[in-house]
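What follows is a single structure, written as structure tokens, with notes after it.
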Amino acid sequence: MTVGIRGKLLLITGVVVFIALVILTSLQVSLQREAFEVELEKRTALMKENLYQRAIAQAETLERLVVEDIASYNLLSLTHSVQHTAESTQDLDYIVILDNDNKVYVHTADASQQQQSYVEPEGSELAKTATRKGHIIVLLGDKYTERLMVYRLPLSIGSSQWGNMLLGYSLTRLNQQVLLSQQENEQRLSDLAVRTSFLGIVVLLMAYFLISQLSLRLVTPIVTLSRFAKDLSEGDFSNTDKITSDAKDEVGALTRNFAYMAVRVETSRKQQAEYNQTLETEVNQRTEEINLKNGELRRALTELEESQQQLIHSEKMAALGQLIAGIAHEINTPLGAIKASVGNTSKYLSLFTEGLSDFLESASSDDKALLCDLISHARHERVSSTREERKIKRKIMSILDEHNIDRSDEIADMLVDMDLSDHLPRMLAALTASSAFNVLALAHRLTGIGRNSDTVRTAIGRASKVVFALKNFAHHDMSGQMISSDINQGIQTVLVLYQSLLKQGCEVIEHFGELPLIACYPDELNQVWTNLIHNALYAMENSGTLTIRTLLEDDIIKVTITDNGEGIPEDIQSKIYESFFTTKPAGEGSGLGLGICKRIIDKHQGSMAFTSRPGETTFVVTLPVAQ
């Protein structure tokens, strides 16, 4: 339903008057409520003060009687006086006489506590007041309601304090009086609100009647003008000459201006039709030109993206070329170990074969038992460092020398190789035999084949790790689609490829957090880690501390790479992302690395920032988990 100007005017005026009346009523009720509350607080404070004064006067009067009875050991009179006072005094719930050990002598409300330790009444302590004579007034009750007032005063006999007297006053009657006053105040406020509301309704009706008559006189010319405007909007200019008004007010001026506008609109419409035809022709021509330009821009953008991918791949291959020498060393080292182990295996096998026949012909049952014992308990895994092995060897030699066993140095070497130091105590008797050395040498040759096999296995695993890392790094995904990848694994792949440089004196501190798999371009991100780690090693001259930290914060993966190199000078920090800017000598850097890294991170909707000072440079890369 459409609401006209008159209806809107009446509605707005009614709402304004209603809001004003509501505010006025609320203000009046609020002020009256504050006045009532202030008066109630004064009355409550006065009643409490009267109760305090009564308690003080009664306590001082009763104190003299109690002290006299206690001094004369007249417990019967003491009990009678206290009980009579408690029963004859309004609002006094109980009186308790305590000695200095908190033992109850008299309790008017609970005789079972007499001769027992005093138990405080239930309820939280809401307030505590000390009088000028050292007496204490404590208010007890629930969270907001005061239920009991306890008046405590010391009892002194002579110059020493004998104990305390407690007077418990019930605040029930006082609370009832306060509640009754609150109810009376609420009733007064309710009556005031009703009277004010009735007066507001009368004022609202009177305002509504006056505004209704006034709006009727104002809206009639506007309705007529609206009808003419509708005809003009439908293209009917036949009644333009009937739009007239002799009124001298604003509505009359509006009508005359509207008539002038109608004439101008008719003229403009004819001119606009001609102009639209011309404009449509020009727009079609411009559209064709823009479509041609857009096609050229799309082709240029495609070529630019292809060039950027080729540039990223070229930079990646350049970094790989810098690593080739180190990677070859990393592969040649385990190959050399494999070659040496194969030779040693052949030598051990040949020596074992040569000595086996002689052993079988001349060996006693004890020698055969010792051989089987040595072979069955020998271990191939090397878990001790060279320093630990030397320490174990010296210990074995000292034990062998104590038992006068010849060739202790050679025997200790073979026992350490076979990791039999823990079994030496039970083998000492067998090792003292003259043939024990030959048996031990034969077992050492046979177990040497296993030790060489472990060396080959370790070397193969090391070479496989380097080859696998190289394969992952050199992989180039041409599909152009994001795939799920592990950021930690990508960084570790780059660290494997840089092992030859890291072993020159660089300490790597790794703090890898638990990261989810994210959709990304892993080969491009590997290029980022390669560039940042390479720059860090270059800044430290391959000797220093490289700290790599990854963590997850609010669905954002944060990678921090810190080195303790010489840092980036402040005057060039603003240029490090510029293309072809480099501080490296000619032939060592193209100046494209950090710029490409920045574009790769931007492509992943992440960010890249750094801080640098002498002795510490930190690059921080952030990547969103959800792409």
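What to note about this one:
- Residues whose placed amide H lies under 5 Å from that of D93, excluding near-sequence neighbours: G168, Y169, S170
- Subtracting the Cα-Cα distance of I290 and D406 from 0.36 nm times their residue separation leaves 31.8 nm of extension gain.
- Dipole check for segment 477-624: with +1 at the C-beta of Lys and Arg, -1 at the C-beta of Asp and Glu, and the Cα centre as origin, the magnitude is about 240 Debye.
- On full extension, the segment bounded by A519 and F610 gains 30.3 nm, given 0.36 nm per residue less the C-alpha separation.
- Computing FRET efficiency as 1/(1 + (r/R0)^6) for T145 and L76, where r is the C-beta to C-beta distance and R0 is 41 Å, gives about 0.60.
- Distant-in-sequence amide contacts of N164, defined by a placed amide H-H separation under 5 Å and a gap of 5 or more residues or a different chain, comprise L98, D99, L155.
- Close amide H pairs (under 5 Å, H built 1.01 Å from N) link G544 with C506, E507, residues at least 5 positions away or on another chain.
- A full extension of the chain between V265 and D554 corresponds to an added length of 98.0 nm, given 0.36 nm per residue minus the alpha carbon distance.
- Residues E49 and A193, FRET efficiency given R0 of 45 Å [Cβ-Cβ distance, rounded to 0.05]: 0.85
- Exceeding the 30 Å Cα-Cα cut-off - candidates K391/K503; K503/K575; K293/K558; K270/K293; K42/K103; K395/K503: K503/K575; K293/K558; K270/K293; K42/K103; K395/K503
- Three-way shape label, segment 51-146, alpha-carbon gyration tensor, a/c 1.5: prolate
- Scaled radius of gyration (Cα, divided by 2.2 N^0.38 Å) that segment 5-183 gives: 1.61
- Computed Kirkwood radius, in angstrom, where 1/r is averaged over Cα pairs of segment 477-624: 15.8
- For the listed peptides 391-400, 97-106, a ranking on the average number of other beta carbons within 10 Å per residue, highest first, reads 97-106, 391-400.
- The E578 and E388 beta-carbon pair, evaluated with R₀ = 60 Å, returns a calculated FRET efficiency of approximately 0.65.
- Summarising the label geometry, the points placed 7 Å from Cα in the beta-carbon direction at K128 and D602 lie 6.9 nm from one another.
Computed from the coordinates by the stated procedures, all read-outs in this text should not be read as laboratory data. The model shown is predicted, which means the values in this text are computed figures rather than measured ones. With ideal geometry, Cβ positions are generated from the backbone for all residues, glycine too; neighbour counts draw on all protein chains shown.
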